[in-house]
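Structure first, then comments.
The values are calculated or read from the model by the stated rules, or taken from the named source; none is laboratory data. These figures come from a predicted structure and were not determined experimentally. For neighbour counting, all protein chains shown are included, and Cβ atoms are generated from backbone atoms with ideal geometry for every residue, glycine included. We work out accessible area using only protein heavy atoms, side chains counted, and drop any ligands, DNA or RNA first. Shrake-Rupley method; radii C 1.70, N 1.55, O 1.52, S 1.80 Å.
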Amino acid sequence: MNQEHIGKLIKQIRTKENLSQQKFAEKYGVTYQAVSKWENGKNIPDIIILKQICNDYNINLDDFLDAKVTNKNNKKYKIAIPILIILILIVIILLLFIILNKNNHFEFKTLSTDCDDFNLYGSLAYNDNKSAIYISNITYCGGDDNNTYKEIKCILYESNNKIKEEISNCSYKDNDTITLEEFLKTVNINVDNYSKNCKSYNENSLYLEIEATDLNNKTIKYKIPLNLSENCIN
């Protein structure tokens with residue numbers, strides 16, 4: 001999934017409909033800043049919003065995720081060759097369609113957490129060949145944390161047989177300090193073409209770790225388990 005290409009497609013749709021970023025944002029219940037981040041390739045809409053955009057503008061979702069727009073009702077065939085060649089081409093096209101549709105069709109599962117201190121939006125997109133993990137909109141709800149930190153790390157792990165593997169990470173380290181809430185607003189984890197099959201996640205093996213270090217070098221650590229909405233089909 002290419003965020004930059006998806007952003008360009010969203011901008012193309014919005015401008016074609018003569019909608020400002022504010023009007024487009026109101027249509028999908030987000031801020032115009034969120035739309036701006038989409039179009040600049042800094043973020044992507046939630047899967048639910050992506051599905052709604054595709055439904056509203058009659059776009060194939062799988063093609064949209066692969067950064068190419070295909071109108072569902074725009075299939076035209078031009079016949080200008082002998083009957084025998086036409087029949088052969090039709091058979092080839094049908095076979096390719098079956099193969100490509102099987103390989104590119106995505107299933108989606110929602111990722112959530114039962115950690116009382118955090119809320120987040122996440123999703124797992126997968127097919128027979130690959131899977132992708134998307135996590136954003138993480139918020140801290142464990143009370144008032146007004147502390148400022150000089151360094152914060154957010155790491156996505158997969159644990160298997162007591163061995164943990166780092167999948168992705170994001171961090172903050174600067175001369176200026178930052179609060180946990182401010183940092184979480186910037187967190188957007190995208191893992192494309194992850195090699196593991198969807199069934200690997202059924203045992204709640206995915207989790208986030210957040211480590212925040214203050215000016216006194218005191219570190220606080222949070223572990224956020226991630227749960228699938230339901231078991232994978234394949």
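Data for the structure
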| item | result |
| --- | --- |
| Spin-label zone in region 1-20 - amide nitrogen under 14 Å from a point set 7 Å from the Cα of ASP192 along the C-beta vector | 1-9 |
| Paramagnetic reach from GLU182 in region 118-144 [backbone N under 20 Å; point 7 Å along Cα→Cβ] | 137-144 |
| Proximal charge balance of ASP145 [Cβ under 10 Å; K/R count +1, D/E count -1] | -3 |
| LYS8/SER229 FRET efficiency (R0 25 Å; Cβ-Cβ; nearest 0.05) | 0.25 |
| Solvent exposure of region 144-188 as accessible area per residue, Å², 1.4 Å probe | 67 Å² |
| Inter-label distance, nm, simple model (7 Å from Cα along the C-beta direction), TYR32/LEU215 | 3.7 nm |
